[in-house]
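Peer 1: Below is a structure I'd like to ask you about.
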Amino acid sequence: MTIRALDYLPPTDLTFSDYLSALVTADVETYPSDKPYFYRQTLINSFSDYGIEPASRSGEHPGQWAPPPGLPIHGFSHADPMKSEPEAVFRFIWENRKFFGIHPESFTRVLSVRPVTRTGHDGFVVRETVAECLQTLELRADELARLKIKKPVEMPDDTVLRLYGSNALVFDEFGQLKYDIGTAVDSSCQTGRLQTLWERGFYVAPDREAGSFAALHRKAMQQRIPSRELW
């Protein structure tokens, strides 16, 4: 169950809440009913004891990822090529870029396309295709406002940032989209991610002593051997 859940996770910036919804979704797809033990609700309650709630609250089952609202057009993309060819999936995504929230300035590529077959203990077989799409967008900190993303207060305006967005697209055996799991590069979630990275020193310039790995070692050596000349 925990291994199957990996197919229902966004390729980047995943959270424990995402993983909980992925666990539930992976199990629902193979075992639609968890009677008589109702172990999925027990799992959700156990996560809740640690302050972790499902990322999805609108699926058919509690915690399950919800299907995308409406269905995208297929256009020139056909079901069979989309089961194995990244180019076909990319064409499908690009034809429906507004549907998937692809930012027009982002660099978009398909990381992988893989067919998946799962068999339950009762012989129930689920055939799906999982495609992973990555978007990257480079910009300066003072450009975040136009994306409605808040810049960390003390971050310099000229800081160069790279925002990531990603989608895990899950198709059924007929090529219809079942799940679109992930966030866009201009998602409101980016505000919290940038703040966390900033607080942990990820965007500190190398020439600042507080953020320089080498400087920390030099300082430690000076404290240990004050008379030694360091080169």
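Peer 1: Which of the residues spanning region 124-169 are in contact with a helix residue (DSSP H, G or I) (Cβ under 7 Å, 6 or more places away or on another chain) and β-branched (Val, Ile, Thr)?
Peer 2: Within region 124-169, Val126, Thr129, Val130, Ile149, Thr159 qualify.
Peer 1: Being among the small types (Gly, Ala, Ser) and closer than 24 Å to Leu161 by Cα is the filter here, so list the residues in region 85-138 that pass it.
Peer 2: Our first condition is that a residue be among the small types (Gly, Ala, Ser); within region 85-138, this holds for 88, 101, 106, 112, 120, 123, 131.
Of everything in region 85-138, those that are among the small types (Gly, Ala, Ser) and closer than 24 Å to Leu161 by Cα turn out to be Gly101, Ser106.
Peer 1: I'd like to check which helices (runs of 4 or more DSSP H) are fully inside region 1-118 and have at least 2 residues that are at pLDDT 95 or above.
Peer 2: Numbers: elements: 16-30, 39-48, 86-95, 97-100.
Fully inside region 1-118 and qualifying: 16-30, 39-48.
Peer 1: Step by step: first the residues of region 141-200, then only those that are at positive phi and in contact (Cβ under 8 Å) with a residue 60 or more places away in the chain, then the one that is farthest from the chain's Cα centre (by Cα). Which residue is that?
Peer 2: Narrowing region 141-200 to residues at positive phi: 148, 175, 182.
This time we only want the ones that are in contact (Cβ under 8 Å) with a residue 60 or more places away in the chain, so: 175, 182.
Working: Gly175: 22, Gly182: 5 Å.
Only one residue fits best here, namely Gly175.
Peer 1: Filter region 157-176 for residues that are in a loop (DSSP other than H, G, I, E, B) and surrounded by 12 or more Cβ atoms within 10 Å (Cβ to Cβ) and give the result.
Peer 2: Start the filter on region 157-176 by keeping residues that are in a loop (DSSP other than H, G, I, E, B), which leaves 157-159, 173-176.
Matches in region 157-176: Thr159, Glu173, Gly175, Gln176.
Peer 1: Would you pick out the residues in region 10-64 that are among the small types (Gly, Ala, Ser), surrounded by 12 or more Cβ atoms within 10 Å (Cβ to Cβ), free of Cβ contacts under 8 Å to residues at least 40 places away in the same chain and within 19 Å of Gly182 (Cα to Cα)?
Peer 2: If the condition is that a residue be among the small types (Gly, Ala, Ser), surrounded by 12 or more Cβ atoms within 10 Å (Cβ to Cβ), free of Cβ contacts under 8 Å to residues at least 40 places away in the same chain and within 19 Å of Gly182 (Cα to Cα), then Ser17, Ala26, Ser56, Gly59 are the ones that fit.
The values are calculated or read from the model by the stated rules, or taken from the named source; none is laboratory data. The structure presented is a predicted model; accordingly, all values stated were derived computationally and were not measured. Please note: Cβ atoms are built from the backbone with ideal geometry, for glycine as well, and neighbour counts cover all protein chains shown.
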